[in-house]
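First comes the structure, then the notes that go with it.
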Amino acid sequence: MRREGSPWQGLGVVTLKELSDHFTSARMRVLEWLVVLVALAAVYGAIQQIRDVTAEDPFLFLRLFTTAREPLPSFVSFLSFLVPLMAIGLGFDAVNGEHSRRTLSRILSQPIYRDALLFGKFLAALGTLSVSLIALWLLVIGLGLITLGVPPGGEEMARAFIFLLVTIAYAGVWLALAMLFSVVFRSAATAALVTLGIWLFLTVIWPALAPAIAQAVVPPDNQEALLVTAQMLTRLSPSTLFGECVLALLNPTTRTLGPVYLSQLQGAVMGAPLPLWDSVMVAWPQIVGLIAATILLFVGGYVAFQRQEVRA
Amino acid sequence: MSETVIEAKGLTKRYGRAKAVDSVTFSVGAGEIFGLLGPNGAGKTTTILMLLGLTDISAGTARVFGHDPMREPLAVKRRVGYLPDTVGFYDNLTAADNLHYTARLMGMDLKTRGQKIAAALARVGLSEVANKKVGTFSRGMRQRLGLAEIVMKDARVAILDEPTNGLDPQASIELLELIRSLKTQGVSILLSSHLLDRVQTVCDRVALFNAGRIVLMGTVAELGRQVLGGGFAVEVEAMGGAGIAGRLSALPGVRSVEEPAAGRWRIACDRDLRGEAAAEVVAAGGRLNQLSLDQPSLETIYTRYFQGEGVRHAA
Ligand SMILES: Nc1ncnc2c1ncn2[C@@H]1O[C@H](COP(=O)(O)OP(=O)(O)O)[C@@H](O)[C@H]1O
Ligand SMILES: [Mg+2]
C-alpha cells in the first residue's frame, strides 16, 4: 500500500522537542552527576593501579578504561551496567507517557505519521545518551592526561573512539528494548519493571544459565561442540557482546573471541598486539550483532505501534 | 444540504466478537453541527477514532472530504481538528509553547505561527495566560486551549469528543458558545456527548446512539414529532386560583395536564395554547407568574423511544 506524503514529515520537530525535554529534565541532572562520579571513581581507581603495576606499556592509556582496583570496578564494567540503566531510564515511558498525559491522540491527529513520532523519540534519546557518553569519555581521557602526564598515542585514541561508538550502539539496544515495552505496556511502571527484569536476566542470570543449557542439549563426549554452543548461547545477551567488543578493542593482544583453533595461532607471536583494523575485525560480528539487535527491537516496537488503537 | 464533509457508510468496529459500533451510517454537511449523542459506552468515541484513522475499521467505509482515513491519513489530518475526550497538554510547557509544537508538526513557519497562535488564544479567551504553564490550567481552560489548537489549524471540520465533559455549567455554556461561533466561520462540527440536553441547543442534527447503533437521526424537532407524536408542551406557573388543572384540561386541543410541583403545570397539546392557558388561569382567579413553550427535550425523546421499543418487544 502506497502512502501519500513522507513518513519523516515532522521527524525533526519531534526530535528537537524531545531533545529539549531530555536536556531540561530531572533525569538529565541525575545522568550528569552519574557521569562525573563514574569518571572520577574509575580514573582514581585505575591510576593507582596503573602506577603500581605497569611500568612500560605501549597501551598505557587504554589501561585507564580496563583496569580495576578493589573495591571499585573498572571503567568498562561501570559502563556495562550504567549504560543499560541510562537507556532504560530514558526510554521506558516514551510512548505510554504520552498516553497517560493524554497527549498522544492530539499529536497523532496532526498531519504526521506515527513513524516520525517513534523514530524522533528514539533519535532524541539516543542523542542524549551519546552526549552523556561523549562527555564521560572526554572526562576520563582528560583526567587521564592530567594524572598520567603522557599523551595517548594515535592508535590508542582510535581504539578508544571506536570503543565509544560501540558503547553508543550498546545503549541503542537497551533503548530500543525499553521503547518497545513503552509501546506494549500502557503503564510506565510495568514497562520499566519488565525492561529492568530482562536486563537483569540477560546480564546476570543468562551467562550462568547458558553453559547449563548447552550441557543439557549437547552430548557430553563432544567437548568442542559443548564450548561452542555455550558461547553462542551467551552471545544472545547484549552484555556479552559488549564485553567481547571491549576485550577485542581495548586489549590489543586479543586474537580471537571464540575457542582458539591451532590454525589461528600459526605465525602468531603470543602476547603481540594486533593492528587496529585486525582488532576491529575480531569484534566485527559482535558489533554487527549489537546494531542488528537495536534495529530488530526498534522494528518490533514500530510494528506494535502502527496497529495500536490510540484512545485518549 | 450542499456538500458532504464526513460520510460514514456501514461503519463497524469489532473487538473480538463484541461489536462496539455496528453498521453506522451518517453524513455531516458543510457548515453543520452534527451531534453523536448517547449514553456512555454507546460507541461514539470508537466511531470518531475510526473517522480519524486512530483505530482500524472492521467493516464499512469512512470518508472525510472524500479521503479514506486509513489510506490517506495525512490528507484527512491536515483538514480535521480533533479535540479528544479529556484533552491533555504538556504540563511543563506554556500554553503558547504547546501550540507552537503542534503548529510545527503542521509545518507552519515561525512568522505564521506567532500570528495564528496569538489570534487563536485571543479567540478562546486565553491571551492572558498564554505564557503560563499548562500544568496550572483548569479543566475548562484545557478544553479551550484544545479549541484554540483547532482554530489555529484553520481546520475545515472540527471533531469534538465530549467537549463539555467535566465542566461546570457556566464553563460548558461558554464552550458551547465558542463552538457555535466556530460554525459561523464556516467550520463543520461533529461533536459527541452523553449529556443530551446540554448540547441539543447547538446541534443542527443529531444521531442518537444506543449499543453501537444509531437508533434515531434528524433535527431535534423532527425526532420530537417522530417519537412524541408531535405536539407542544406549555408550562404554566401561577399563584392562587382554584381548579386550574381542571380548567386547563378542559381546553380544546389539550392531551394531558401534569402538575410536577405545586403551582406548576405542564400541558401537552396539539397547538400553541399559551394565550388560552393564560386566560384560564386569570379566569380561575390566579396570578400568572410564568408561561413558556417547551422544545421537546432529547432526554425525553430518548427515554420515550425506548419505552415504546419495550412495549413493542413485549407485545
Ligand atoms: N479496546 C477495547 N476492547 C474491547 N472493547 C472496547 C475497547 N474499547 C472500547 N470498547 C467497548 O466499545 C464500546 C464503545 O465504547 P466507546 O466508543 O468509548 O463509547 P462512548 O464513547 O459512546 O462512551 C464500549 O462498550 C466499550 O466497552
Ligand atoms: Mg466516549
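Every read-out reported here was derived from the displayed coordinates using simple, explicitly stated rules and does not represent laboratory data. All values reported here derive from a predicted model rather than from experimental measurement. Methodologically, a virtual Cβ is constructed for each residue, glycine included, from the backbone with ideal geometry; neighbour enumeration extends over all protein chains shown.
With each label modelled as a point 7 angstrom along the Cα→C-beta vector, the B:GLN170-A:TRP8 pair spans 5.2 nm. With a Förster radius of 56 Å applied to the beta-carbon distance between B:ARG14 and A:ALA272, the computed FRET efficiency rounds to 0.25. Each of B:LEU52, B:GLN185, B:ALA118 was placed along the dipole of segment B:4-225 (beta-carbon charges, centred on the mean Cα), and the one lying farthest toward the positive end is B:LEU52.
For the residues B:ASN289, B:ASN210, B:ASN131, a GNM of chain B with alpha-carbon springs under 10 Å puts the largest fluctuation on B:ASN289.
With an 8 Å cut-off on Cα pairs and a minimum separation of 6 or more residues, tell me the relative contact order of chain B in percent.
Details: 585 pairs, mean separation 59.4, N = 315.
Computed over chain B, the figure is 19 percent.
Couplings 3J(HN,Hα) for segment A:180-191, derived from phi with the Karplus relation 6.51 cos²θ - 1.76 cosθ + 1.60 (θ = phi - 60°), are 4, 6, 6, 7, 6, 9, 6, 9, 5, 5, 4, 4 Hz, where x marks Gly and Pro. Computed over chain A with a Gaussian network model linking Cα atoms closer than 10 Å, the most mobile of A:LEU250, A:LEU202, A:LEU145 is A:LEU145.
Once you have a ≥ b ≥ c as the square roots of the Cα gyration tensor eigenvalues for segment B:1-75, tell me rounded if a/c is under 1.5, and otherwise prolate or oblate according to whether a/b is larger than b/c. Don't skip to the answer; put the middle values down first.
Values: a/c = 2.06, a/b = 1.30, b/c = 1.58.
Judged from the Cα gyration tensor, segment B:1-75 comes out oblate (a/c at least 1.5, b/c at or above a/b).
In this structure, the residue pairs whose Cα-Cα separation is over 22 Å, taken from B:LYS13/B:LYS44; A:LYS17/B:LYS111; B:LYS77/B:LYS153; B:LYS9/B:LYS183; A:LYS121/B:LYS153; B:LYS77/B:LYS116, are B:LYS9/B:LYS183; A:LYS121/B:LYS153. Here A:VAL204 and A:LEU145 are evaluated by their C-beta separation; at R0 = 22 Å the FRET efficiency comes out at 0.05. Each Lys and Arg contributes +1 and each Asp and Glu -1, all at the Cβ; summed about the Cα centre of segment B:1-62, the dipole is approximately 360 debye.
Over all pairs of different C-alpha atoms in the protein assembly as shown, the reciprocal of the mean inverse distance, the Kirkwood hydrodynamic radius, equals 29.6 Å.
Could you state the per residue volume, in Å³, of the convex hull enclosing the Cα atoms of segment A:104-151? Let's see the in-between values first.
Details: hull volume 3.3 nm³, N = 48.
Cα convex hull per residue, to the nearest whole number: 70 Å³.
From the square roots a ≥ b ≥ c of the eigenvalues of the alpha-carbon gyration tensor of segment B:172-315, which class results: rounded (a/c under 1.5), prolate (a/b over b/c), or oblate? Before the final figure, lay out each step's value.
On the way: a/c = 2.75, a/b = 1.59, b/c = 1.73.
The shape class here is oblate.
For segment A:158-312, what class follows from the C-alpha gyration tensor (a ≥ b ≥ c being the square roots of its eigenvalues): rounded when a/c is under 1.5, otherwise prolate if a/b is larger than b/c, else oblate?
On the way: a/c = 2.93, a/b = 1.63, b/c = 1.79.
Oblate is the answer for segment A:158-312, as a/c is 1.5 or above yet b/c matches or exceeds a/b.
Annotation: the antiparallel percentage among DSSP beta bridges lying fully within segment B:4-225 is about 55. If R0 is taken as 51 Å, the Cβ-Cβ distance between A:VAL228 and B:THR61 corresponds to a FRET efficiency of 0.35. Projected onto planes of every orientation and averaged, the convex hull of the alpha-carbon atoms in segment B:147-205 covers 3.8 nm².
Its Cα centre serving as origin, segment A:1-111 has a Cβ charge dipole (Lys and Arg +1, Asp and Glu -1) of approximately 520 debye.
For n ≥ 4 DSSP H runs only, could you compute -39500 (n - 2.57) per run for the protein assembly as shown, divide by its residues and tell me the 222 nm figure to the nearest 500? Could you put the intermediate results ahead of the total?
On the way: 25 runs with 347 residues, N = 627.
After summing the helix terms and dividing by residue count, I get -18000 deg cm²/dmol.
For segment B:231-295, the Kirkwood estimate of the hydrodynamic radius, built from every pair of different alpha carbons, is 11.2 Å.
The distance from the alpha carbon centre of segment B:189-221 to that of segment B:235-298 is 30 Å, rounded to a whole number. Comparing B:VAL87, B:VAL236, B:VAL134 in a Gaussian network model of chain B (Cα springs below 10 Å), the most mobile by mean-square fluctuation is B:VAL236. The percentage of C-alpha pairs in chain A whose separation is greater than 36 Å is 26%.
When only the Cβ of Lys, Arg, Asp and Glu is charged (+1, +1, -1, -1), the dipole of the protein assembly as shown relative to its Cα centre reaches about 1020 debye. Set against the 2.2 N^0.38 Å expectation for a compact globular protein, segment A:1-157 has a Cα radius of gyration ratio of 1.37.
The spread of Cα positions in segment B:4-225, taken along each principal axis and listed from longest to shortest, comes to 46, 39, 32 Å.
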